[in-house]
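Working notes, structure below.
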Amino acid sequence: MSFHPAVRPLMQPVRPAMVLHHLGQIALILAVLFSVPLAFAAATGDWELAQRILLAALLPALALGGCARIRPSDRPLQANEALVISALTFIIAAALMTYPLTAEGLSPLDAWFESVSGVTTTGLSLVPNPELRSDAFLFTRAWMQWFGGLGIVVLSLALAFGRTEDMRRLADAGADEESLAEGTRIHARRAFTIYVLLTVAGLLLVLPTDLPPFDALIHTLAAISTGGFGGVSDSLAGFGRGAHFALFAVSLLGALPLFLYYRAWRSGPVALRSDPELRALIIAVALVTVLLWWLGGLSPADALLQAGSAQTTTGFATLDLSELDPAAKGVLILSMATGGGVGSTAGGIKLLRLLILIRMIQLAVMRVQLPRHAVVQPAIGDRTLGGLQIEHALVLILLFVLLVLGSWMAFLAVGYPALDALFEVVSATATVGLSVGITGPDLEPGLKLLLSLNMLAGRLEIIALLVLLFPGTWYKP
């Protein structure tokens, strides 16, 4: 890649010591996180899984834990370093949990796919008959989704260093005089607290339904992280409406920006009424519900539940999606691609970026009718859109579309039906987890790897993965 000569001297490669220092800290955090399914497996007598999780917990602590003692430079963390650390965190977590998942007889490739699907909060699965698996295995998958959902907060903080307005709002700690780095640390603490409180509230909401306590636990962990792993083959189809709507409510909680809850607590309900993403989420779910009922012939209840599952990118299903007509599948594809709010656990291109795209289209149409010297500053709600914010949103939308199209071509080349292949690719890239039956143990190995890449790229917002792979990230061009 060529650059203007004046740009080259300004480019700053990542500092290995800084990356290793933070990866060492994250390795210790992962060891603590892995101890939860380890304790559950030991308590339920699944010693083989427990031993493998113990090994997965010790490996990062031994290999990288010492790096936490490295004294990094006094210079603040750079944007590219934050993105590289975030990308490596998801990849390392998925790799470490691959071996434990083979305890249930999965091949290394299928275990890798399942692990990636877990930490990226996707929910696509290659495990046939999950109801026949051990409780420890099911809890481990659900726990991976829960801490993967928390990991998106880390990614949001990394993107905040990109200095685009939609990412800086994630780090806003309510005090203008604070540095960005200090703001992100405060945001991390608050976001973690909010996430835990939402999880507890979700569990209290789901427990009174017809779900057994263990099923209530694993489905709540999956719902608040907008994941989608379940404990039975037919997802939620075998459960009652009470459980359906309780989990629907929990997934909506997870699809909203986590910091919106803090602003609502600090400023009152007015913060909810004025938030454009909350309004967009409600409108999107309502619109998709009507389209699924009208075009797809679904009952109003199933239409609402599937609309919520797709729009929040949770991935639960209350019916066999392979039997939907093409119009309903098309509606769900668009809904999955759109996703939830920036700074939430949801995937997709995000509602805020869609709103930015719509505003730019409106502006292009308006400018035709305005004098050439007229200056119009685009805005969403009470937020003025900056040039970098607009550029960032449009680039991410374009990258999402290009990734989907490229992956779709691979499925078409193998011979899968066009609409079903597009559904599966969008579901993986938007980290949704809904499936029309293509994803399964018999899927071609190359396509399993491709969908794994899609899930990682989708969860990492694509940019972070590109920064990791970009040669200029590691040395000056």
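The values are calculated or read from the model by the stated rules, or taken from the named source; none is laboratory data. Bear in mind that the values here come from a model prediction, so they are computed numbers and not experimental data. Virtual Cβ from ideal backbone geometry, glycine too; neighbours counted across all protein chains shown. The protein model used for the area step is the full one, side chains on, heavy atoms only, and it has no ligands, DNA or RNA in it. Shrake-Rupley method; radii C 1.70, N 1.55, O 1.52, S 1.80 Å.
Highest mean first, what order results for 122-128, 270-276 on Cβ atoms within 10 Å?
Details: 122-128: 24.9, 270-276: 14.0.
Top of the packing list down: 122-128, 270-276.
In percent, what relative contact order does the chain have, based on Cα pairs under 8 Å that are 6 or more apart in sequence?
Values: 795 pairs, mean separation 84.9, N = 477.
Once divided by the residue count of the chain, the mean separation gives 18 percent.
Considering the stretch 263-368 at the alpha-carbon level, its Rg and Dmax are found to be 15.5, 47 Å. Expressed as a whole percent, the accessible area of the stretch 430-477 that falls on carbon and sulfur atoms is 71 (1.4 Å probe).
What the Kirkwood sum gives for the stretch 54-104 is a hydrodynamic radius of 12.8 Å, with every pair of different alpha carbons counted.
What's the local net charge at residue 318, with K and R +1, D and E -1, over the other residues with C-beta under 13 Å away? Walk me through the intermediate numbers first.
Numbers: positive: 241; negative: 234, 302, 320, 323.
Surrounding charge for residue 318 is -3.
Per residue, the convex hull spanned by the alpha carbons of the chain comes to 163 Å³.
Grab the DSSP H runs of the chain that are 4 residues or longer, score each as -39,500 (n - 2.57), total them, divide by all residues and round the 222 nm result to the nearest 500 deg cm²/dmol. Numbers along the way, then the final one.
Values: 19 runs with 306 residues, N = 477.
For the chain, the value works out to -21500 deg cm²/dmol.
Take the stretch 184-251, drop everything but the C-alpha atoms, weight them equally and run the Debye formula without solvent; then report log10 I(q)/I(0) at 0.11, 0.21 Å⁻¹ to two decimals. After summing over all Cα pairs, the log10 values are -0.27, -0.78.
Report the relative contact order of the stretch 204-363, percent, no decimals, based on alpha-carbon pairs under 8 angstrom and at least 6 residues apart. Display every interim value, and only then the final one.
Values: 238 pairs, mean separation 41.7, N = 160.
Computed value for the stretch 204-363: 26 percent relative contact order.
Expressed as a fraction of 2.2 N^0.38 Å, the C-alpha radius of gyration for the stretch 1-152 is 1.22.
Roughly speaking, what % of Cα-Cα pairs in the stretch 321-385 are separated by over 20 Å, rounded to a whole number?
Details: 1029 of 2080 pairs.
Percentage above 20 Å: 49.
At a probe radius of 1.4 angstrom, the accessible area of the chain per residue rounds to 42 square angstrom.
Order 90-100, 16-26, 421-431 from most to least packed using the mean count of other Cβ atoms within 10 Å.
Details: 90-100: 21.6, 16-26: 19.3, 421-431: 27.9.
Output ranking for 90-100, 16-26, 421-431: 421-431, 90-100, 16-26.
Cα centroids of the stretch 295-363 and the stretch 423-456: 17 Å apart. For the stretch 330-450, taking Cα atoms only, Rg and Dmax work out to 17.9, 61 Å respectively. Taking a sphere under 14 Å around the Cβ of residue 428 and counting the other residues whose Cβ falls inside, with K and R at +1 and D and E at -1, yields a net charge of -1.
When peptides 361-373, 206-218, 239-251 are sorted by average Cβ neighbour count within 10 Å, with the highest value leading, the order is 239-251, 206-218, 361-373.
If the Kirkwood radius is taken over C-alpha pairs of the stretch 364-426, then at 37 °C and 0.692 mPa s the Stokes-Einstein diffusion coefficient equals 220 µm²/s.
When Rg and Dmax are taken over the Cα atoms of the stretch 21-68, they come to 11.4, 36 Å.
If I compute solvent accessible area with a 1.4 Å probe over the protein chains, what percent of it on the stretch 240-330 is carbon and sulfur? Walk me through the numbers before you get to the answer.
On the way: 2630 of 3650 Å².
In the stretch 240-330, the share of accessible area belonging to carbon and sulfur is 72 percent.
Going by accessible surface with a 1.4 Å probe and the largest first, 411, 40 read 40, 411.
So which lysines can residue 448 reach, going by Cα to Cα under 22 Å and dropping same-chain residues fewer than 8 places off? Straight-line reach from residue 448, under 22 Å: 329.
Per residue, what volume in Å³ does the Cα convex hull of the stretch 69-139 take up?
Numbers: hull volume 8.6 nm³, N = 71.
Hull volume normalised by residue count: 122 Å³.
Dividing the Cα radius of gyration of the stretch 202-336 by 2.2 N^0.38 Å, with N the residue count, gives 1.06.
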